Amino acid sequence: MAVFGLLAGLTAQAAAAEDCPGHPNALGTSRTLVVDPREHPRIGTMQYPETLPLADHEVVLTFDDGPLPRNSNKILDILAAECVKATFFTIGNMARSSPEGVRKLLAAGHTIATHTQDHPLSMNHMSTERAKQEIDDGIASAKAALGNDAGSLSPFFRIPGLLRADNVEEYTAEQGIQIWSADFLADDWRHISSQRVYDLAISRLEAKGKGILLLHDIQARTVAALPRILETMKARGYRIVHVVPATADRPATPTEPREWLLHPAPDMIAQWPQVPNFVFSNIGNVPVPARSDFDVTEAEPMLHETSLSRTSWPEPSEPTAGDATVALAAPAPTLFEVQGNLDVALRNASTHISRRAQAAASTQADTGRRRLSRRERHRLANSRTVRLAHAGHQAHAGSASKSKAATARRASARRVVQVRKRHV
């Protein structure tokens, strides 16, 4: 499909080049699209759901704000060299200042549209009466510049700055005027280089694949970028479409509603067959099989005399009482028996503890009878002095509680034992 589309584009370009005498390699205009403003009053996907019904790789060139002879005439020359037709949205004051520029557009075969009288960037919050005046005066100025060819003015209109408003759209729809937005821009009204204008125009065209390109014929940067834009379009297989309004003698080009969408959804493109209308009969008249038709007997086995048997799963057995008790190894009760009784065991334990205490006391006595060295006697004397001093302190502290005195005595006793152990 892509190859066929490219071949069709090249064929259209070749046919257009044949219509451009003296320029055999010209881009040319592939076809002319006739639209009815009343059927599609607003176009351009930058602001509206619909756009022009273009095929893939088809482009419509539009120019705003002219005519300005210094740059607009150069734009006309570039387009003429490529035999390309475009749509020009003129400003009323510019048309009054340069009416010959408007007539040049008509002589070159371009479409002439309007862009208000003074190009106000406030139509999105302008009163209805003021907006009507801007629109009507711009149309009147363009017709005045065309003179006897005023009927050649197209009922196409672009809002300055694309600052749309409901009252403006309602008024233009009542007047049978089609509002044009755009599908992509080149930002050539900004202070950027011509290279940047070219880059934006081509990159955004590649992203969209087709559509309405908005440029300005009053800008020198646009004059510099336009030849390269057209050259790249031709090299990449893009085709230029010229748009004109429908008239009584020129009917609109037949289109489908989906073609007015920039990228229609696949389900809108596919032609699904319509669901047929079914006729439902009375349920009582429909033959119904009898239940006996499904009864299987031994004389009539199913599936070529191969009977199907149901698999019998074993039924679970009832649990018995004996299964609930599990025999596990357990220690014998004799392991926990006490010889004699509890009192005997306690007496034996106390006797054993007393024997250990007597042995310890005997060991301490033997140690005391041993001849002590001078250092040991000195330490023992110091410990006795500390003990006596502590005991005297306890004697003078009569107001102390009995529990505190007992605690102090136990503490002194422990210190004596510690000193003796060190001596030993």
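The values are calculated or read from the model by the stated rules, or taken from the named source; none is laboratory data. Bear in mind the structure is a predicted one, so any value in this text is a computation, not a measurement. We place every Cβ from the backbone using ideal geometry, glycine too, and count neighbours over all the protein chains shown. The protein model used for the area step is the full one, side chains on, heavy atoms only, and it has no ligands, DNA or RNA in it. Shrake-Rupley method; radii C 1.70, N 1.55, O 1.52, S 1.80 Å.
Leaving out ligands, DNA and RNA, what percent of the accessible area of segment 32-91 is carbon and sulfur, probe 1.4 Å?
50
Keeping all protein chains in the complex and leaving out DNA, RNA and ligands, what accessible area do you get for CYS20 with a 1.4 Å probe, in Å² to the nearest 10?
Accessible area, nearest 10 Å²: 0 Å².
Among 66-76, 140-150, what's the highest-first ranking by average C-beta atoms within 10 angstrom per residue?
So the order, starting with the most tightly packed, is 66-76, 140-150.
Sorted by accessible area with a 1.4 angstrom probe, largest first, how do THR29, THR172 fall?
Working: THR29 30, THR172 0 Å².
Per-residue accessible area, sorted high to low, gives THR29, THR172.
In the structure displayed, which of LYS85/LYS210; LYS74/LYS104; LYS85/LYS234; LYS132/LYS210; LYS210/LYS234; LYS104/LYS143 lie more than 21 Å apart, Cα to Cα?
In this structure, LYS132/LYS210 lie more than 21 Å apart at Cα.
To the nearest 10 square angstrom, how much accessible area does HIS125 have with a 1.4 angstrom probe?
Around 140 Å² of this residue is reachable by solvent.
What is the extension gain from ASP199 to LEU163, computed as 0.36 nm multiplied by their sequence separation minus the C-alpha to C-alpha distance, in nm to one decimal?
Separation in residues times 0.36 nm, less the Cα-Cα distance, equals 10.5 nm.
Which percent of the accessible area of segment 100-249 is formed by carbon and sulfur heavy atoms (probe 1.4 angstrom)?
The computed percentage sits at 47.
For segment 77-203, report the accessible area per residue in Å² (1.4 Å probe, heavy atoms, rounded to an integer).
With all protein chains present, segment 77-203 gives 41 Å² per residue.
Which order do the peptides 101-107, 56-62 take when ranked by the mean count of other beta-carbon atoms within 10 Å per residue, highest first?
56-62, 101-107
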